[in-house]
Each structure stands twice: as C-alpha cells, then as structure tokens.
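Chemist: Take this structure first; my questions come after.
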Amino acid sequence: MGTSNHGWVHTRFAVVRTRLEAYEPRPGWHAWSYEFLLFGFKQGWACLFGGLMLALLLGTHLFYPAHTALARYDFLTLSAVAIQGGMLLFRLETLEEAKVILAFHVVGTVMELFKTSFGSWHYPESSLLRIGGVPLFSGFMHAAVGSYIARVWRIFDFRFSYYPSHTLAGLLAAAIYINFFAHHWLPDTRLLLFACLALLFWRARVWFRVWRVDRWMPLLLGWFLVALFIWFAENIGTYSRAWLYPGQAHGWALVSPSKLGAWYLLMYISFILVAAVHKPQEKA
C-alpha cells in the first residue's frame, strides 16, 4: 500500500478491510463483481458521516414532534456532535480527519453567515444553537464533505500523476473562495476560474486502489462526480426543509442544476484543504 495510507491501521475499519481484501473469489466476472461491491462498501464507509446527517435530516422532517421543547435544528446540532464524538471514541475515524472536519466547519459557517445575509438561502425554523440566522448544524453539513474527502483519500490510498504546483493550486482555491463573496459587488469571475481550473489540472489523474489493482480517472472528472453526489444530497436537504432557496418558499422544487457549478468549485476548495493535510503523493 502507498504511504498515504499510514493512518488507516488505527481505525476499526482496518480489521474489516483486511478481511475483505484477503477474500479470494473465482476469476472472471466473480472477481469483477466482488471488486465492484467492495468499491461500494468502501464508498459507503467514506460517506458515513454525511449519510448519517442526511438520515437525520429526513428522519426529523418526517417524525420530529412539532412542539417539543428542543428545537429540531438544535437536536440536529447535538446529534452531529454526538456522531462526531462517537466516531472518534469507537475509532471509526482518525484524529487527523476530525481536525479536517473542524476546519470545514469553520470555513462553511463563515460562508453560511455571508450567503444567508444576502438571501441566497435561508433556514426557516427557529433554534437556540445558532449564530445570527445560521443554525450550528449547518457547519456540519459542510464538514460532511470534508469528512468524505479525507476518508476516501485514506481508504482508497489516493496517489496522483501530473499533479500541478501546490502553490498555484492553493492560490486558485483562495481565488475561488474570495469570488464566492466578492461577486456580490464585483463581476463574477466564475467562468475564468473554471478555465484556470481546467488548464491547471487537465492532465492530472487520481490513482486509487479498490482491491489489488491500481485504477485511475481524470481528477477533473472525479471532482464532478462528487459534486453531482452533493447536488443530490442537497435536494434531500431542501426536501426535508432543513434549508430553502428562494424558489422553494411555497413548495419544494428541484435544486437548479446550475448549482452544480458552485458545488464543483466548492468541491475543489474542499479537496485543497484536505490536500494540505494528506500531502498528495506522486504515483510511483
């Protein structure tokens, strides 16, 4: 295994992973099917934090009592803290991953405060555990993205080829983050940022190991697939009325596919934050 996977031996997932990877299916389609199922299992494990949060959003929307003393948003915040604590206590994630999640919580909450002040979206329910109009559970939704990237990086032993300059990659991430705020007063440079992103990473490949063979995909494609998944998750979030866009005030509607572009750029920022911890390793 690659050096980027040094921390996985400290998690409970390591025991299950070792057993699954040691299994010997029959050659041919049996082996292909097994690798496909193993890929799904590992992806599910990487999504554990986000999946539990989505289940809480839907569950509280359908079943949470309307007039209980503890507001639904506060219950979501306390539940998110409990999930995070439980994952550390039972060694379902590493301390390094928890630090990444904390960073995402801070970055995400700052963006939430700014965007809600401009009416980009809003939180329709009241709560005590909030900063201004932003309930604290919202930061955990951003943290779920960071949790996924950090975990999938470790679980699939990411390595890279044709990875560009770390300095240029970081500067581009900073420019994208600034544009999310500045476009309210200055011209939106999103198209230029997309062009810079494509130019910088058009050759970059992410190598990953599901089972015993190293496989790869274009890094730009990998980010798009994750952004698409986040867009689906966002539709679940708005359906549960955890937050709403202006066009959803009088009834739920599908989140505009144009949001995929915003999620793609946020996906890139998320990746760079995780890369600052994991340090992208070159494919040998």
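The values are calculated or read from the model by the stated rules, or taken from the named source; none is laboratory data. Here the structure is a predicted model, which is why all the values come from computation and not from measurement. Because the Cβ atoms are built from the backbone with ideal geometry, glycine has one as well, and the counts that use them run over all protein chains shown.
Chemist: Give me the pairs, please: first residue somewhere in segment 47-65 and within 16 Å of residue 238 (Cβ to Cβ), second residue anywhere and of a type in the set (Ser, Thr, Tyr), beta-carbon distance under 7 Å, and either six or more positions apart or on two chains.
Modeler: Final answer for the pair search is 50/147; 50/148; 56/79; 57/240; 58/240; 61/240.
Chemist: Just checking, how many residues over segment 210-243 are surrounded by fewer than 18 Cβ atoms within 10 Å (Cβ to Cβ) and in contact with a Phe, Trp or Tyr (Cβ under 7 Å, 6 or more places away or on another chain)?
Modeler: The number of residues fulfilling the criteria is 5.
Chemist: Out of curiosity, is residue 125 in contact with a helix residue (DSSP H, G or I) (Cβ under 8 Å, 6 or more places away or on another chain), among the charged types (D, E, K, R), over 30 Å from residue 213 (Cβ atoms) and in a helix (DSSP H, G or I)?
Modeler: The answer is no for residue 125.
Chemist: Would it be correct to say that residue 71 is surrounded by fewer than 18 Cβ atoms within 10 Å (Cβ to Cβ), at pLDDT 95 or above and under 19 Å from the mean Cα position of the chain (by Cα)?
Modeler: It is false that residue 71 is surrounded by fewer than 18 Cβ atoms within 10 Å (Cβ to Cβ), at pLDDT 95 or above and under 19 Å from the mean Cα position of the chain (by Cα).
Chemist: Hey, can you tell me all the residues within segment 34-68 that are surrounded by 13 or more Cβ atoms within 10 Å (Cβ to Cβ) and β-branched (Val, Ile, Thr)?
Modeler: 60, the sole residue that qualifies.
Chemist: Within the set of pairs 6 or more residues apart or between chains, which connect a residue that is hydrophobic (A, V, I, L, M, F, W, C) inside segment 188-205 to a residue that is part of a loop (DSSP other than H, G, I, E, B) with Cβ atoms less than 6 Å apart?
Modeler: Qualifying pairs under 6 Å: 200/164; 204/162; 204/163.
Chemist: Would you pick out the residues in segment 157-186 that are among the hydroxyl-bearing types (Ser, Thr, Tyr) and without any contact (Cβ under 8 Å) to a residue 60 or more places away in the chain?
Modeler: Once the filter is applied, which keeps residues that are among the hydroxyl-bearing types (Ser, Thr, Tyr) and without any contact (Cβ under 8 Å) to a residue 60 or more places away in the chain, segment 157-186 yields 162, 165, 167.
Chemist: Kindly indicate whether any position in segment 90-112 is under 17 Å from residue 210 (Cα atoms), out of contact with any Lys or Arg (no Cβ under 8 Å at 6 or more places or on another chain) and β-branched (Val, Ile, Thr).
Modeler: no
Chemist: How many residues are within 22 Å of residue 99 (Cβ to Cβ) and part of a helix (DSSP H, G or I) when one looks only at segment 128-175?
Modeler: Looking only at that region, the number is 24.
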